[in-house]
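Here's the structure, in structure tokens; my notes come after.
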Amino acid sequence: MLREMSTRYGRSPGGYLWAILEPLGGTLVLAAGFSLLVRSPALGNSFILFYATGMMPFTLYNSVANSIASSLNFSRPLLRYPSVIWLDAALARFILNTLTNLMVISLLFTGILIIAKTGSVLSFGPILTALALAAFLGLGVGLMNCLLSGLYPAWSMIWSIITRPLFLASGVLMLMERLPHAVQQVLWYNPLFHVIGLMRRGFYPMYKATYVSTAYVVAVGLALCALGLVLLMRYHKDILST
């Protein structure tokens, strides 16, 4: 974890400051842009809070998934030591990225609630559950992508292409209830839509998000984690030898 911190944040001016400024900048741009197009957000009266409740769990998932997907290639020299195994590299990245994103999320939402004066009544159960599910889902997707990109180098480019619409298809900018019924039936199978709906339930007491299924997200995460761990255990030497 110390090696990850020094290589990722220690070599650029600002260091950890960029971990805060990047999601904050993205949220501000979204809020400013959509405030010019529509009169009020889909929930509440604060554009920045609405988009932050969608962007932060998505950013947590994306950061964890991408970092774990490249963990073996990034730590290849370190894994030549017998005392360091492939699981150490994956867990170090998972823990560091999860803790970093949770710190950023806490600071960002604290600032929004103080400055924007939204008057939100927070329910920490759904919020913490949503963040835990986002990190868990990122772990599962990251392990599978670590395997596939290691065995098939072209997979990382293919995954990047097919997941480009994921930001829009995960409910960051919209509510499930505002979509046509046929679209809702398709997007229900995207576990990130459930995570973001649960996150918004924690910030907006009037928002029920009845479509959310925590069991479904846990099942998807468990399946991906189990499959990724078993296959990496079998093929990690093949990946490191290429």
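Okay, here's what the table says:
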item: All helices (runs of 4 or more DSSP H) inside region 177-242 with 3 or more residues being touching a Phe, Trp or Tyr at 6+ places or on another chain (Cβ under 7 Å) and open to solvent by less than 50 Å² (accessible area, probe 1.4 Å); result: 191-203, 214-241
item: Candidates 211, 204, 235, filtered to the one that is in contact (Cβ under 8 Å) with a residue 24 or more places away in the chain, of a type in the set (Ser, Thr, Tyr) and touching a His at 6+ places or on another chain (Cβ under 8 Å); result: 211
item: Matching option when the condition is farther than 17 Å from residue 51 by Cα, in contact with a Cys (Cβ under 9 Å, 6 or more places away or on another chain) and at pLDDT 90 or above, among 147, 143; result: 143
item: Residue match in region 120-127 (condition: open to solvent by 30 Å² or more (accessible area, probe 1.4 Å), touching a Leu at 6+ places or on another chain (Cβ under 7 Å) and not small (Gly, Ala, Ser)); result: no
item: The lone exception for residue 114 - which of (1) under 14 Å from residue 49 (Cα atoms); (2) at pLDDT 90 or above; (3) open to solvent by 80 Å² or more (accessible area, probe 1.4 Å) it fails; result: (2)
item: Verdict on residue 174 being open to solvent by 60 Å² or more (accessible area, probe 1.4 Å) and either in a loop (DSSP other than H, G, I, E, B) or in contact with a strand residue (DSSP E or B) (Cβ under 6 Å, 6 or more places away or on another chain) (or both); result: no
item: Number of positions in region 74-96 that are open to solvent by less than 80 Å² (accessible area, probe 1.4 Å) and either modelled with pLDDT of 85 or more or over 12 Å from residue 3 (Cα atoms) (or both); result: 15
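To keep it simple, each residue is scored yes or no on (1) crowded, with 21+ Cβ neighbours inside 10 Å; (2) assigned to a helix (DSSP H, G or I); (3) on the phi > 0 side of the Ramachandran plot.
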| site | (1), (2), (3) |
| --- | --- |
| 129 | no, yes, no |
| 138 | yes, yes, no |
| 149 | no, yes, no |
| 153 | no, no, no |
| 161 | no, yes, no |
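The values are calculated or read from the model by the stated rules, or taken from the named source; none is laboratory data. Everything numeric here is computed off the predicted structure, so don't read it as measured data. Cβ sites come from the backbone with ideal geometry, for glycine too, and all protein chains shown count toward neighbours. Accessible surface is based on the protein model in full, side chains and every heavy atom, while ligands, DNA and RNA are left aside. Shrake-Rupley method; radii C 1.70, N 1.55, O 1.52, S 1.80 Å.
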